[in-house]
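The next block holds one structure in the form of structure tokens; read it before the comments.
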Amino acid sequence: MRSSLLLTASALVALLMVGCAAGGGADEGAPVPASAVSTVELGMSPAEVEALAGSPYSVEPEAGERNVEVWHYQDGVIMFEDGRVVFRYSEPPRKG
């Protein structure tokens, strides 16, 4: 279970990096404060995340037997499993 979660998390980071390099859909949703995704904590519920970070610009369920959902934000990605945050990636702030 833990190794499959780590593999999924690693794959998620790789997909995020490809998405960010390609533009990552930043124009698809309302801007989220740069620190919003980074303040999300493991174990939070979707309602707690939405109250803290706002609505994601896209949500994708992961195929398979597990109850996994990935929320995409302008500055990061949050993964839920069984209704709780199990992974969070927040892109570091860009230097201007």
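The values are calculated or read from the model by the stated rules, or taken from the named source; none is laboratory data. If you're wondering where the values come from, they're calculated on a predicted model, not measured in any experiment. All Cβ positions, even for glycine, are placed from backbone atoms using ideal geometry, and neighbour counts span all protein chains on display.
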- Message: From the list 49, 86, exactly one residue is part of a helix (DSSP H, G or I), of a type outside the set (Asp, Glu), at pLDDT 95 or above and out of contact with any Gly (no Cβ under 8 Å at 6 or more places or on another chain). Which is it?
- Response: 49
- Would you say residue 56 is surrounded by 17 or more Cβ atoms within 10 Å (Cβ to Cβ) and not in a strand (DSSP E or B)? yes
- Query: Which ones in the stretch 59-83 are outside any loop (DSSP other than H, G, I, E, B) and of a type in the set (A, V, I, L, M, F, W, C)?
  - Reply: 59, 68, 70, 71, 77, 78, 79, 80
- Filtered residues of the stretch 33-89 (kept if of a type in the set (Asp, Glu) and touching an Asp or Glu at 6+ places or on another chain (Cβ under 6 Å)): 75
- Item | Restricting the stretch 59-96 to residues that are free of Cβ contacts under 8 Å to residues at least 40 places away in the same chain and crowded, with 19+ Cβ neighbours inside 10 Å, the residue that is farthest from the chain's Cα centre (by Cα) | 80
